[in-house]
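Data block below; observations after.
Quick note: the coordinates plus some simple rules give every number you see, no bench work behind them. What you see is a predicted model, and the numbers here were worked out from it, not measured in a lab. Virtual Cβ from ideal backbone geometry, glycine too; neighbours counted across all protein chains shown.
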Amino acid sequence: MIILVDAMGGDNAPESVVNGCVDAINEADGFEVLLLGDENRILEILKGKTYSGERIKIHHTTEVITVDDIPTKAIRSKKDSSMAVGFKMLKENKGDIFLSCGNSGALMAGALFILGRIKGVDRPSLAAMIPTKSGRALIIDAGLNTGCKPINYHQFGIMGSIYTKEMLGTKKPRVGLINIGSEVGKGNEALRQAYNMLSSANIDFVGNVEGNDILMGKVDVVVCDGFTGNVLLKFLEGAASYFLGSLKSIFNKDIMTKISGLLIKKHISEFKKGVDADEHGGAPILGVNGLVLKSHGNSNAKTVKNVVIKASRFARTSVLDNIKGEFVNMEVEDIEQDI
């Protein structure tokens with residue numbers, strides 16, 4: 001298995017990306033990493049590190065897509081960028097999965113223009129995991145589509161259910177449509193139509209859910225538009241950071257609280273690991289003709305390590321084939337996406 005990695009994408013690239021890949025192959029087996037980017041810079045970072053030279057290789061590229069680039073223009077004009085080359089190699093079956101921490105808009109543009117949509121899929125979506133009381137839940141869409149039609153919510157629910165079955169082993173994922181109330185008929189016209197479409201889909205649709213239902217573990221798949229999903233995701237990340245910071249301040253107040261903190265240190269560490277975005281990063285773009293993982297722009301080496309290992313597991317699933325099989329007979333408009 002070959003994991004294609006955009007070594008130049010992200011706020012901390014290429015250092016964090018390269019270091020994370022080294023840590024990943026030193027921790028897990030069964031895959032190779034092909035780093036795409038400036039060969040001289042990558043070799044400088046690799047110098048002196050202990051790793052298997054057979055499992056990390058480099059493909060030199062001369063351009064970089066930055067966060068300031070216009071997504072569609074960058075993908076079409078910077079053909080030798082680490083991101084564009086990664087998509088091209090994935091399409092040519094020179095790798096099994098592509099991973100990038102780079103420009104989200106460009107990643108979506110590359111996925112659409114180079115890989116293309118799966119037949120029957122109207123809009124690809126970003127799917128991100130969050131912690132809940134019962135384990136983990138998938139938010140879909142988590143940021144790619146700020147405006148959605150009923151068919152989009154419908155398809156997000158189906159794709160999210162397939163992904164959750166394969167990646168988490170959930171036999172019958174509970175799918176909920178995020179809304180301003182749990183009652184039937186809540187929300188705008190698009191959400192009401194989406195409710196009816198999801199109700200008739202071959203999934204375990206449990207109806208409308210509110211924000212508090214998600215963390216209580218009432219659903220395994222949370223269906224929403226990308227604007228709502230991204231706000232929800234960032235809010236939860238901020239809330240977790242705030243809570244852990246407050247907890248640390250409480251236990252550092254005096255000698256007695258410090259002793260109390262030591263007594264439950266193990267349990268706090270377990271909780272922190274469960275809500276740590278660096279532990280559970282890596283969101284797939286579902287609905288395109290290839291396996292693509294997006295990690296957040298400020299990913300550090302720890303994040304990249306975990307996402308690379310996640311990529312190796314994702315590449316072994318049947319998610320892509322199952323989505324193709326589910327959507328092959330679905331009719332959608334053949335239009336260029338807004339990016």
Using 7 Å Cα-to-Cβ label points, what is the residue 201/residue 254 separation (nm, one decimal)?
5.5 nm
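Per DSSP H run of at least 4 residues, take -39500 (n - 2.57); add these up for the chain, divide by its residues and hand me the 222 nm value, nearest 500 deg cm²/dmol. Intermediate values should be presented prior to the final figure.
Working: 13 runs with 150 residues, N = 339.
Estimated from H runs of four or more residues: -13500 deg cm²/dmol.
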Alpha-carbon radius of gyration plus Dmax, which is the widest Cα pair, for segment 125-277 in Å:
17.8, 59
Project the alpha carbons of segment 1-92 onto their principal axes and report the range along each, largest first, in whole Å.
38, 26, 18
Segment 133-193: trypsin sites (Lys or Arg not before Pro) falling in loop per DSSP and having at most 15 other Cβ within 10 Å:
133, 171
Here are some pairs, 78/119; 133/258; 294/324; 73/171; which of them have Cα atoms lying more than 31 Å apart in this structure?
73/171
Rg in Å to one decimal, and Dmax rounded to a whole Å, for the chain via C-alpha atoms:
20.5, 66
Trypsin sites (Lys or Arg not before Pro) within segment 1-70: which are DSSP loop residues with at most 11 other Cβ atoms inside 10 Å?
47
What FRET efficiency do you get for residue 32 and residue 329 if R0 is 30 Å and r is their Cβ-Cβ distance, rounded to the nearest 0.05?
0.25
Within segment 164-218, DSSP-loop GluC sites (Glu not before Pro) with at most 11 other C-beta atoms within 10 Å are 183
